[in-house]
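Quick note: the coordinates plus some simple rules give every number you see, no bench work behind them. Quick caveat: nothing in here was measured; it's all calculated off a predicted structure. Heads up, the Cβs are rebuilt from the backbone with ideal geometry, glycines too, and the neighbour counts pull from every protein chain shown.
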Amino acid sequence: MDFITFIDYIGTFAFAISGIRLASAKRFDWFGAYVVGFVTAVGGGTLRDLLLDVPPFWMRNISYLIVSGFALLFVVCLRNYVIRLKNTFFIFDAIGLGLFTVVGIEKSVAAGYPMWVGIIMGTLTGAFGGMLRDVLINEVPLIFRKDIYAIACVCGGVIYYVSLACDLPASATQTVTAVSVILIRILAVRFGISLPALKGELIPEKPQK
């Protein structure tokens, strides 16, 4: 197993836990929680692969279904610690965000796409699964709120290519990028850093005559 595959599995596990954790708060059953966790884990990568015109990764390798299953067992077996911990969702979501950003960029680089495509694919891989998760549990997606979420992936993508320009080894570039995304997300939440909200008023509909 190469390093990027290892990162992919760890990111899948972390994101699946984040989805299952929120599903448990909504009182989903085990199957529903597994579905939410699996969609969270593979949603971003599925969109990335479709845009890159390759078969979705999880359709060629059953390991991702199995890893999501282990995530469900992890939450079930350690529910007294995982479900009740206030910051569990946030921690695993931040880890998955950072790791999947790296995976998305790496796959774009391997396919020969330029830097701007790599940054977009890294952002989609990291953030889109979380958006699907929030839709499934009937929450406003984090990516549409003021939270520094997708922006953390964009910053990580820039850091990735800066690291490449500095001739850092591949593993160091991947590690620096993932850690950067995780830290940006954590620090933004810790210190309340957010983007300004776009303020506007709804235009009332005119009564029909």
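Note on residue 73 and residue 90: the extension gain reaches 4.2 nm, defined as 0.36 nm multiplied by sequence separation minus the Cα-Cα distance.
Taking Rh as the Kirkwood radius, which is the inverse of the mean 1/r over Cα pairs, what is the Rg/Rh value for region 149-201?
My calculation of the ratio gives 1.14.
Projecting the Cα atoms of 62, 24, 153 onto the charge dipole of the chain (Cβ charges, centred on the Cα centre) puts 24 farthest toward the positive pole. For region 12-93, what is the convex hull (Cα atoms) projected area averaged across all directions, in square nanometres? One quarter of the hull surface, i.e. the mean projection, equals 5.1 nm².
The spread of Cα positions in the chain, taken along each principal axis and listed from longest to shortest, comes to 64, 44, 37 Å.
In order along region 25-34, the phi-based Karplus estimate (6.51 cos²θ - 1.76 cosθ + 1.60, θ = phi - 60°) of 3J(HN,Hα) comes to 5, 8, 6, 5, 6, 4, 5, x, 5, 5 Hz; Gly and Pro are listed as x. Backbone amide hydrogens, once placed in the peptide plane, bring residue 52 within less than 5 Å of nothing, excluding anything fewer than 5 places away on its chain.
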